[in-house]
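Down below is the structure, laid out as structure tokens.
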Amino acid sequence: MITDHRIHFSDAGQMRALDSESVHLVVTSPPYPMIEMWDDLFRRESAIDKAMRRPHGAQAFELMHCQLDRVWNELWRVLVPGGIACINIGDATRTIDDEFALYSNHSRILTQMLSLGFINLPNILWRKQTNAPNKFMGSGMMPPGAYVTLEHEYILIFRKGGKRIFKTAEEKINRRQSAFFWEERNNWFSDVWMDLKGTRQKTGDKKLRARSGAYPFELAYRLISMFSVINETVLDPFLGTGTTLTAAMVAGRNSVGYEIDKAFQPLIAEGCLAAAPLGRQRINERLEAHRQFVQDRQAAGKAIKYTNQTYGFPVITRQETELMFLRPVTVKEMKKKHFQMAYEMPQVSSTDPPPSTPTETSHPPKTGQLSLFG
């Protein structure tokens with residue numbers, strides 16, 4: 001199998017290269033309004049610059065979000081019915097004209113997405129673990145002028161309309177092969193993520209580093225694995241250093257990224273070209289973690305009655321019996337801004353015990369995360 005990955009250095013407010021209803025999943029993190037590191041980007045708009053000079057914080061905040069609204073409008077157009085959008089965003093605190101205040105970016109984006117018709121699914125709080133516990137804002141230990149330190153960000157999760165329907169036999173097989181492990185589901189589908197740390201910005205360029213807020217690879221890879229199936233298309237309209245593209249390559253998905261700053265191109269290319277060995281490493285880690293989980297469970301005397309057809313190891317549920325990982329082999333740069341990844345399909349195990357075939361019927365729950373797709 002081969003996946004396709006393209007970069008467009010243009011404004012994501014008008015994604016003309018994308019057909020309507022051509023994207024299955026969006027994973028992105030926009031510039032955060034009212035965070036100083038993105039001031040120069042937003043203040044290119046004269047009305048925003050004027051509001052900041054006055055200074056008028058509330059007006060500047062709204063005008064910044066109006067710029068992001070153009071992208072959210074495009075997401076509605078390009079997502080397939082039932083497609084998912086995951087938006088990583090943090091709130092901001094700022095002192096303007098001697099007035100310290102919180103600017104609630106997550107609630108402003110949530111309001112806009114709902115107005116477009118998106119359905120808000122349960123969101124995730126990501127505790128970044130980047131702020132030291134002794135980092136105080138305000139008057140330190142003196143009430144009432146001390147302020148809470150923001151140590152988490154949001155991953156807002158939206159769906160365009162009702163649940164996706166997989167109609168053909170081929171679509172259903174592909175979905176089953178894209179499954180994740182039972183123990184991964186228990187971790188990934190928690191509404192609080194405390195196991196992912198923020199990533200260091202390795203741009204080597206002070207100007208780029210000043211406007212790059214890249215999330216870690218694992219965040220993008222996890223969301224892609226949770227909310228899309230093999231060979232679907234993932235979009236990041238605020239691409240930055242290209243983490244989403246790299247994660248999509250590792251996960252066996254196609255991807256498209258939009259970025260207005262061409263200076264990021266070498267970093268994006270570097271990430272794409274390193275995706276094959278990274279993918280093999282991540283797959284090995286998941287397989288090894290599952291084997292350890294099985295070993296610990298069996299040592300505790302707990303039975304596991306199903307067997308994965310490809311790898312021959314025990315799994316908890318029938319839904320995991322066809323799970324498989326595409327092994328990344330090579331990445332080719334077809335031309336600037338266009339990459340392709342080739343994969344090896346795993347071979348069904350012939351030496352391990354055959355998969356169990358219990359007589360009882362196992363159905364996914366009617367509610368909860370596993371029913372996001374119909």
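The values are calculated or read from the model by the stated rules, or taken from the named source; none is laboratory data. Since this is a predicted model, take the numbers as computed values, not measurements. For neighbour counting, all protein chains shown are included, and Cβ atoms are generated from backbone atoms with ideal geometry for every residue, glycine included. We work out accessible area using only protein heavy atoms, side chains counted, and drop any ligands, DNA or RNA first. Shrake-Rupley method; radii C 1.70, N 1.55, O 1.52, S 1.80 Å.
Details
For (1) acidic (Asp, Glu); (2) at pLDDT 95 or above; (3) open to solvent by 50 Å² or more (accessible area, probe 1.4 Å); (4) over 27 Å from Gln347 (Cβ atoms), each residue gets a yes or a no:
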| position | (1), (2), (3), (4) |
| --- | --- |
| Ile230 | no, yes, no, no |
| Gly257 | no, yes, no, yes |
| Arg286 | no, yes, no, no |
| Glu320 | yes, yes, no, no |
| Leu326 | no, yes, no, no |
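- When Phe158, Phe189 are checked against the criterion of being buried (at least 18 other Cβ atoms within 10 Å of the Cβ), out of contact with any Ser or Thr (no Cβ under 7 Å at 6 or more places or on another chain) and within 30 Å of Ile109 (Cβ to Cβ), Phe158 stands alone in meeting it.
- For segment 259-284, taking the residues that are under 20 Å from Ile224 (Cα atoms) and charged (D, E, K, R), the one that is surrounded by the fewest Cβ atoms within 10 Å (Cβ to Cβ) is identified as Arg280.
- With respect to the conditions (1) open to solvent by 60 Å² or more (accessible area, probe 1.4 Å); (2) assigned to a loop (DSSP other than H, G, I, E, B), Met34 falls short on a single one, namely (1).
- Scanning segment 36-59 for residues that are closer than 17 Å to Ile260 by Cβ and touching a residue at least 24 places away in the same chain (Cβ under 8 Å) yields Met37, Trp38, Asp40, Leu41, Phe42.
- The set of residues from segment 73-91 being out of contact with any His (no Cβ under 9 Å at 6 or more places or on another chain), buried (at least 23 other Cβ atoms within 10 Å of the Cβ) and closer than 24 Å to His152 by Cα comprises Ala85, Cys86.
- Qualifying positions in segment 92-130 - open to solvent by 50 Å² or more (accessible area, probe 1.4 Å) and touching a Ser or Thr at 6+ places or on another chain (Cβ under 8 Å): Phe100, Leu102
- Segments classed as helices (runs of 4 or more DSSP H), wholly inside segment 231-315, with at least 2 members that are among the charged types (D, E, K, R): 275-299
- For segment 20-46, a residue qualifies if it is over 16 Å from Trp72 (Cβ atoms) and under 16 Å from the mean Cα position of the chain (by Cα), and exactly one does: His24.
- Tally, over segment 38-72, of residues that are of a type in the set (Phe, Trp, Tyr), open to solvent by 10 Å² or more (accessible area, probe 1.4 Å) and under 24 Å from Leu114 (Cα atoms): 2
- Among residues of segment 295-307 that are within 21 Å of Ala179 (Cβ to Cβ), those with a Cβ under 8 angstrom from a residue that is at pLDDT below 95 and among the small types (Gly, Ala, Ser), sequence gap 6+ or separate chain, pair up as Lys305/Ser356; Tyr306/Ser356; Thr307/Ser356.
- Verdict on Leu196 being over 20 Å from Ala92 (Cα atoms), among the aliphatic types (A, V, I, L, M), modelled with pLDDT under 95 and not in a helix (DSSP H, G or I): yes
- Among the residues of segment 165-177, those that are polar (S, T, N, Q) and either touching a residue at least 60 places away in the same chain (Cβ under 8 Å) or loosely packed, with under 12 Cβ neighbours inside 10 Å (or both) comprise Thr168, Gln177.
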